[in-house]
Amino acid sequence: MSTTLPDVSRLVPNRRIADYVQKGKHQPLVSWALFEECQLVRQSKGNNPNTLKRAARVYPLSGIAKCWHCSQKENKDVALRGIASNGDMRYYRCATIIDFHKQRRRARQQEPPASDQIKRATRANPTNTTGCTMQSLRAERVEEQIDAIVQRLQIPAEWRERILAYYLSDDGMIEYERQRYNLVQAIKQSAFLLRSGIISQAEFNEDQARFTQRLSRLSPSANAEAAPVLDLLNDFPALWKQFSPEQRKGLLQVMFAGAYFEGAQLVKVAANAPFDKLLQLPQDGLIPQTA
């Protein structure tokens, strides 16, 4: 007689989830910035013992690159997928053709056994019935066209303080806004004390000058640690070249909704706002073709 045991999974706490985290008071052996940098390097490697020392293949245009021919024919976006060949060579190929070959292989596996002569006759006619003529495209040739567009970017001045804030702290502008609020409240408190006759006009002027000076310095760009980043923000092409493939992929996902290729030539770019204007793209997104 079998007995059904009650589900006690909800009663047993997950030992991998900490009940609470106590922030240590000791000096860390590794800075958080270095830890994150090491994590990015680790993610760029393989995930098994045979590929641990080999750089993982990253396709920055995954989800962005589209086949222009099939997208027009199907009236919907058809992606270019990243594929590998000949060791470390990276390519993009139309998903229509990839799926066509997968379905054909699956159909062959389901066919009943046949004579070798019939099999040879079948395999001798690998007709592509999709209508797509897209060949496998070298990833470098495709990506360099997007790189050329991205490097037009000039970071707006109103973005820089916020970028620097996140460079200095994961909290971004929150800490600066909190300090600014406290200083403004301190000025109001000093004005109240003046009206109440508790402090003199001279003392109020001294408080106001001190608080105003602190307010003027309360910006990420005034922090000496942000000085090296300022030059990079003024030269985005140099900053882009320093990004890892994973970092480029993440930024491209934010900037672009699609990049359409016919053959190896970029035909159209669909950029998300406000990057469409920042990158000075045509309103219709069509890229002028050179002869």
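A few notes on this one:
- The single condition from (1) exposed (fewer than 11 other Cβ atoms within 10 Å of the Cβ); (2) over 30 Å from L239 (Cβ atoms); (3) among the basic types (K, R) that R210 fails is (1).
- Any hit, the range 145-153, residues being under 30 Å from G263 (Cβ atoms), assigned to a helix (DSSP H, G or I) and without any contact (Cβ under 8 Å) to a residue 40 or more places away in the chain: yes
- Flag not set for A259, criterion: surrounded by fewer than 16 Cβ atoms within 10 Å (Cβ to Cβ) and either outside any helix (DSSP H, G or I) or free of Cβ contacts under 8 Å to residues at least 12 places away in the same chain (or both).
Yes or no, residue by residue, for (1) of a type in the set (A, V, I, L, M, F, W, C); (2) over 27 Å from D170 (Cβ atoms); (3) at pLDDT 85 or above; (4) surrounded by 10 or more Cβ atoms within 10 Å (Cβ to Cβ):
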position	(1), (2), (3), (4)
L40	yes, no, no, yes
G46	no, yes, no, yes
N75	no, yes, yes, no
R81	no, yes, yes, yes
R93	no, yes, yes, yes
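- Considering (1) touching a Phe, Trp or Tyr at 6+ places or on another chain (Cβ under 6 Å); (2) at pLDDT 90 or above, the lone condition that R210 does not fulfil carries the number (1).
- Taking the conditions (1) surrounded by fewer than 17 Cβ atoms within 10 Å (Cβ to Cβ); (2) under 30 Å from M134 (Cβ atoms) in turn, D235 satisfies each one other than (2).
- The range 264-280 residues that are in contact (Cβ under 8 Å) with a residue 24 or more places away in the chain, paired with ones that are among the polar types (S, T, N, Q) (beta carbon under 6 Å, 6 or more apart): L266/Q145
- Residue within the range 139-151 that is farther than 30 Å from L266 by Cα, in contact with a helix residue (DSSP H, G or I) (Cβ under 8 Å, 6 or more places away or on another chain) and surrounded by 11 or more Cβ atoms within 10 Å (Cβ to Cβ) present: no
- When residues in the range 62-110 are screened for being part of a helix (DSSP H, G or I) and either closer than 16 Å to A264 by Cα or in contact (Cβ under 8 Å) with a residue 24 or more places away in the chain (or both), 9 of them pass.
- Residues satisfying the stated conditions in the range 170-190, i.e. out of contact with any helix residue (DSSP H, G or I) (no Cβ under 7 Å at 6 or more places or on another chain), part of a helix (DSSP H, G or I) and not β-branched (V, I, T): E175, E177, R178, Q179, Y181, N182, Q185, K188, Q189
The values are calculated or read from the model by the stated rules, or taken from the named source; none is laboratory data. All of these numbers come straight from a predicted model, not from anything done at the bench. Glycine gets a Cβ as well: all are built from the backbone with ideal geometry, and neighbour counts include every protein chain shown.
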